[in-house]
Amino acid sequence: GRILNANPKVLIEEGEGFSTEFKETLRYDTRKGEISKEMEKMVVKTIVGFLNADGGTLIIGVNDDAKITGLDNDYKTLPKKNRDGFENHINMLVKTMIGLSFSKYVNVRFERIEDKDICLVIVREGHKPAYLISGDKKEDFYVRVGNSTQPYSMSETSEYIKTHWGN
């Protein structure tokens with residue numbers, strides 16, 4: 001579909017919307033100068049939101065103002081300090097925090113813009129509801145609504161599942 005072939009420069013120029021979200025980093029908190037599990041969770045939350053809606057593209061290495069920040073800060077935090085290590089880490093987060101069966105809907109690719117790496121996480125709509133699984137085995141349901149990712153209550157979730165997947 002359109003999303004898979006989208007030109008990253010065009011996506012960035014168009015800005016955030018229903019099917020596009022920017023994140024400056026995957027796990028590096030630029031303010032605190034350290035790794036942040038909370039940031040990782042925000043990334044996974046966005047992936048869950050896209051899986052539960054109509055898919056979308058998450059671009060990492062671009063801030064909210066559509067400025068290219070690159071992935072160097074994230075690379076430094078990884079055992080393999082390159083694209084490969086970065087992709088491995090995203091795949092691991094998807095497996096552990098969403099589930100192995102959703103991996104096939106999440107495609108990672110890299111682009112070099114303004115001499116910086118950015119990562120495109122291209123998410124297709126999932127075959128069944130996706131939940132964000134936190135450390136305490138708590139499951140949270142998120143859906144992309146407009147240009148943000150919203151948490152749903154249990155009743156909203158069951159209603160949404162009925163209408164979206166029709167079972």
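The values are calculated or read from the model by the stated rules, or taken from the named source; none is laboratory data. Small disclaimer: the values here were computed from a predicted structure and weren't measured. In this analysis, Cβ positions are derived from the backbone assuming ideal geometry, glycine residues included, and neighbour counts consider all displayed protein chains. The accessibility values were calculated without ligands, DNA or RNA, using every heavy atom of the protein model including side chains. Shrake-Rupley method; radii C 1.70, N 1.55, O 1.52, S 1.80 Å.
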### Task
Would you kindly state how much longer the chain becomes between Val10 and Lys95 on full extension, computed as 0.36 nm times their sequence separation minus their alpha carbon distance, in nm to one decimal?
27.6 nm
## Note on the structure
Listed residues Met39, Met92, Met154; largest mean-square fluctuation, Gaussian network over the chain with Cα springs below 10 Å, found at Met154
### Query
Once the Cα atoms of helix 37-51 and of the chain are each reduced to a long axis, what angle between those two axes, in degrees from 0 to 90 to the nearest 10, is obtained?
50
### Summary
To the nearest 10 degrees, the tilt of helix 154-165 (Cα long axis) against the first principal axis of the alpha carbons of the chain is 90
#### Entry: Calculated log₁₀ intensity ratio I(q)/I(0) where the Debye formula runs over C-alpha points of region 41-81, q = 0.14 Å⁻¹
-0.43
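Any idea what the relative contact order of the chain is, in percent, if you count C-alpha pairs under 8 Å spaced at least 6 apart? Please report the intermediate quantities before stating the final value.
Numbers: 287 pairs, mean separation 43.3, N = 167.
Normalised by residue count, the contact order of the chain is 26 percent.
Could you work out what % of the accessible surface of the chain is carbon and sulfur, using a 1.4 angstrom probe and leaving DNA, RNA and ligands out of the count? Before the final figure, lay out each step's value.
Numbers: 4250 of 8660 Å².
So the carbon and sulfur contribution to the accessible surface is 49 percent.
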### Summary
Along principal axes, largest first, the alpha-carbon spread of region 29-167 in whole Å comes out as 47, 30, 27
### Task
Under 10 Å from the Cβ of Phe22, count the other residues' Cβ atoms, weight Lys and Arg +1, Asp and Glu -1, and hand me the total.
-3
### Task
Select from Val94, Val145, Val44 the residue whose mean-square fluctuation is largest in a Gaussian network model of the chain (Cα-Cα springs shorter than 10 Å).
Val145
### Query
Here are some pairs, Lys23/Lys138; Lys23/Lys116; Lys9/Lys80; which of them have Cα atoms lying more than 18 Å apart in this structure?
Lys23/Lys138; Lys9/Lys80
### Task
Working from Cα positions, state the angle (0 to 90°, nearest 10) between the long axis of helix 83-97 and the longest principal axis of the chain.
20
### Query
What spacing in nm lies between the two simple spin-label points modelled at Lys32 and Asp64, each 7 Å away from Cα in the Cβ direction?
1.8
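Which of the GluC sites (Glu not before Pro) across region 96-167 are loop residues per DSSP, with 13 or fewer other Cβ within 10 Å? The partial results should precede the final answer.
Working: sites: Glu111, Glu114, Glu125, Glu139, Glu156, Glu159; in loops: Glu114, Glu125.
Listed in order of number, the matching sites are Glu114.
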### Task
For His127 paired with Glu111, estimate the spin-label separation in nm (one decimal), with each label point 7 Å from Cα along the Cα-to-Cβ line.
3.0
### Task
Identify which of Pro129, Pro151, Pro79 has the largest mean-square fluctuation in a Gaussian network model of the chain, with springs joining Cα atoms closer than 10 Å.
Pro79
### Message
Roughly how far apart, in whole Å, are the Cα centres of region 122-167 and region 49-112?
### Response
19
